Amino acid sequence: MAPFPFSLVGNDEGMNYLAHGRRFLDEPYFLAGTAVPDWLNVVDRKCRARSKKAIPYCESEDPCEALIAAGIVQHHADDDWFHRTEEFNRLQWDFTKRIRDFLGKDSGMRPSFLGHILVELLLDSVLIEDDPAELNAYYAAMNEVDGMLVQQTVERIAGRPADRLDWFIGRFVEVRFLEDYPDDEKLLYRLNQVMQRVKLPALPDTFTTLLPELRQDVRTSSAQLLPAHSS
């Protein structure tokens, strides 16, 4: 398991990379666009690629720029749908209560934060377990992307520098941290990277004993957590 120089997720955005991108593996730059908001959460949270600013670039004469912008718009549309679903909100609340019971009364903000991101990470895990070849295709498509071109497009859309985005995209493809999601111990390692980033206490090793039942709940609900056109 390769270390990663940043935590893998941001504070408040959807983090299911594969669920966002799996329909677009034949369009690498559109695929990259679906990951841009999450990449920026890690690299520079002050740099935001919002739909309102991306929409005009969907008509760009540069086909790669248009695809990146369209992918960004797609990401936000998918997140809006996902976070409004009854099943996501039910699982998020249920996970929050179970995590709070597991960690104890003095667990601070960790249960609500984890309740949110674990639904998303475990949904990607279900997809990876069910079709490992799809994850390989995801990374193969990302490997075709020119990171500097993505960075420059994002900078035009956001109206500010996106320093290190080019470098980060290369590391994202190299490290392949999504492969860690199906393994409880590796997922805990990744979660504790997140805890460190958001300045929350690390999770205990025993947290891995809770993960199997949470995984099963997400698997049971996975069809309801994916748009009908992506299943």
### Query
If you scan the range 162-177, which residues turn out to be open to solvent by 70 Å² or more (accessible area, probe 1.4 Å) and assigned to a loop (DSSP other than H, G, I, E, B)?
ASP163, ARG164
### Query
List the pairs whose first member sits in the range 42-64 and is within 20 Å of ASP79 (Cα to Cα) and touching a residue at least 24 places away in the same chain (Cβ under 8 Å), whose second member is aliphatic (A, V, I, L, M) and part of a loop (DSSP other than H, G, I, E, B), and whose Cβ atoms are under 9 Å apart, counting only residues at least 6 apart or on separate chains?
VAL42/LEU8; VAL42/VAL9; VAL43/ALA162; ASP44/ALA162; CYS47/ALA162; ALA49/ALA162
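So which of GLU134, GLU87, GLU61, GLU155 ends up being surrounded by fewer than 16 Cβ atoms within 10 Å (Cβ to Cβ), assigned to a helix (DSSP H, G or I) and not hydroxyl-bearing (Ser, Thr, Tyr)? Spell out the reasoning first.
On the way: GLU87 fails: surrounded by fewer than 16 Cβ atoms within 10 Å (Cβ to Cβ); GLU61 fails: assigned to a helix (DSSP H, G or I); GLU155 fails: surrounded by fewer than 16 Cβ atoms within 10 Å (Cβ to Cβ).
Just a single option satisfies the conditions, and that option is GLU134.
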### Query
For the range 209-231, how many residues meet the condition of being of a type in the set (S, T, N, Q) and surrounded by 16 or more Cβ atoms within 10 Å (Cβ to Cβ)?
2
### Query
Any idea which residue in the range 90-114 is modelled with the lowest pLDDT, counting only those that are open to solvent by less than 50 Å² (accessible area, probe 1.4 Å) and assigned to a loop (DSSP other than H, G, I, E, B)?
SER107
### Query
When both residues are 6+ apart or on different chains and their Cβ atoms are under 9 Å apart, which pairs have a first residue that lies in the range 193-205 and is free of Cβ contacts under 8 Å to residues at least 40 places away in the same chain, and a second that is buried (at least 16 other Cβ atoms within 10 Å of the Cβ) and of a type in the set (S, T, N, Q)?
ALA202/ASN192
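The values are calculated or read from the model by the stated rules, or taken from the named source; none is laboratory data. Predicted model only: the values in this text are computed from it and were never measured. Virtual Cβ from ideal backbone geometry, glycine too; neighbours counted across all protein chains shown. Areas reflect the complete protein model, heavy atoms only, side chains present, ligands, DNA and RNA absent. Shrake-Rupley method; radii C 1.70, N 1.55, O 1.52, S 1.80 Å.
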